[in-house]
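Comments concern the structure below.
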Amino acid sequence: MKVLIVYYSMYGHIHRMAQAVAEGVKEVAGAEAVLRRVPETLSQEILGKMGALEAQKSMAHIPICTVDELATADAVVFGTPTRFGNMCGQMRQFLDATGGLWQKGALVGKVGSVFASSATQHGGQESTILSFHITLLHQGFVIVGLPYTFQGQMRIDEITGGSPYGASTIAGGQGERLPTENELDSARYQGKHVATIASKLARS
Ligand SMILES: Cc1cc2nc3c(=O)[nH]c(=O)nc-3n(C[C@H](O)[C@H](O)[C@H](O)COP(=O)(O)O)c2cc1C
């Protein structure tokens with residue numbers, strides 16, 4: 001049972017969350033977690049101007065996903081930073097190349113789930129995840145979120161990402177905030193939850 005974790009991360013926040021999702025997936029017997037990045041669309045020059053080159057180097061060992069790989073997975077957990085309340089362009093471009101899979105119905109019935117990151121607390125994590133779900137529904141994914149049984153999303157004693165729609169983290173205006181333990185727990189929970197449901201579907 002293969003769970004693909006497909007993400008884009010410019011400064012490393014989504015990358016860290018993706019690793020936590022993978023940890024959660026691996027807690028389920030028989031579940032394999034496979035980490036993949038979507039292709040970059042920006043030039044090295046632009047990435048340099050955006051101060052992202054060091055972070056990009058630290059993620060370079062994660063293989064780039066092909067669209068055909070999506071069809072080989074039982075479940076796909078997508079991770080994206082927020083761009084004006086939506087998924088990032090790199091992810092949009094990757095998904096827009098899945099028309100051939102759509103024609104074949106190759107993703108119908110697979111489990112799909114989304115996690116996100118934004119600079120600010122109310123900068124669009126929920127809208128990013130919910131608008132991402134539209135594409136997943138067109139492809140026939142069975143959408144899985146982050147249920148309230150992950151009680152960390154009820155916390156009000158500290159600022160935290162996470163909602164019933166999916167795990168999320170707040171990166172800060174300069175990317176200075178790293179995912180907190182509670183946010184990483186939410187990502188682990190989501191990974192485990194996705195893998196549990198996917199393995200139930202695979203058995204039926
Ligand atoms: C073009 C652009 C648009 C962005 N839009 C938002 C936004 O609408 N709300 C927000 O809180 N952060 C926004 N951000 C900040 C990113 O979401 C933040 O850098 C990202 O979540 C960090 O995750 P990463 O390190 O995995 O790339 C934007 C960043 C860029 C470059």
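Please tell me the relative contact order of the chain in percent, rounded to the nearest whole number, where contacts are Cα pairs under 8 Å and at least six residues apart.
Contact order relative to length: 27 percent.
Of all chymotrypsin sites (Phe, Trp or Tyr not before Pro) in the stretch 98-204, which ones are in loop regions per DSSP and have a Cβ with at most 14 other Cβ atoms within 10 Å?
Answer in residue order: TYR148.
How large is the helix-only mean residue ellipticity at 222 nm for the chain, computed as the sum of -39500 (n - 2.57) over DSSP H runs with n ≥ 4, divided by its residue count, in deg cm²/dmol to the nearest 500?
Helices in the chain give a 222 nm mean residue ellipticity of -11500 deg cm²/dmol.
Quick one: net charge around GLY79, please, counting Lys, Arg +1 and Asp, Glu -1 for every other residue with C-beta under 13 Å from its C-beta.
+2
Could you tell me the calculated FRET efficiency between SER204 and GLU45, based on Cβ-Cβ distance and R0 = 35 angstrom, to the nearest 0.05?
Once the sixth-power term is evaluated, E becomes 0.10.
Identify, among THR169, ALA195, MET17, the residue whose Cα sits farthest towards the positive end of the charge dipole of the chain, taking +1 on the Cβ of Lys and Arg and -1 on the Cβ of Asp and Glu, with the dipole about the Cα centre.
With unit charges placed on the Cβ atoms, the residue in question is ALA195.
Which of the helices in the chain meet the span-like rule: DSSP H, Cα axial reach of 24 Å or more, Kyte-Doolittle mean at least 1.6?
Membrane-span-like by this criterion, though nothing is claimed about a membrane: none.
For MET10, MET59, what ranking results if the residue with the fewest other Cβ atoms within 10 Å of its Cβ goes first?
MET59, MET10
For the stretch 34-165, with only Lys/Arg (+1) and Asp/Glu (-1) charged at the beta-carbon, what is the dipole magnitude about the Cα centre, in debye rounded to 20?
Around 140 debye, computed over the stretch 34-165.
What Kirkwood hydrodynamic radius, in Å, does the chain give when the mean of 1/r is taken over all pairs of distinct Cα atoms and then inverted?
The answer is 16.7 Å.
Using Cβ counts within 10 Å as a stand-in for footprinting exposure, how do THR169, THR149, THR120, THR135 rank, fewest first?
THR149, THR120, THR135, THR169
Here is the link list: LYS2/LYS104; LYS104/LYS200; LYS26/LYS104; LYS2/LYS110; LYS57/LYS110; LYS2/LYS57. Which ones come out longer than 22 Å on Cα distance?
Table pairs above 22 Å Cα-Cα are LYS104/LYS200; LYS26/LYS104; LYS57/LYS110; LYS2/LYS57.
With a 10 Å Cβ neighbour count serving as the proxy for reagent exposure, in which order, fewest first, do SER118, SER204 appear?
Least crowded to most crowded, the residues run SER204, SER118.
Throughout, read-outs are computed from the coordinates displayed, never taken from laboratory work. This one's a predicted model, so the numbers in the text were calculated from it and none came from an experiment. All Cβ positions, glycine included, derive from the backbone under ideal geometry; neighbour counts span all protein chains shown.
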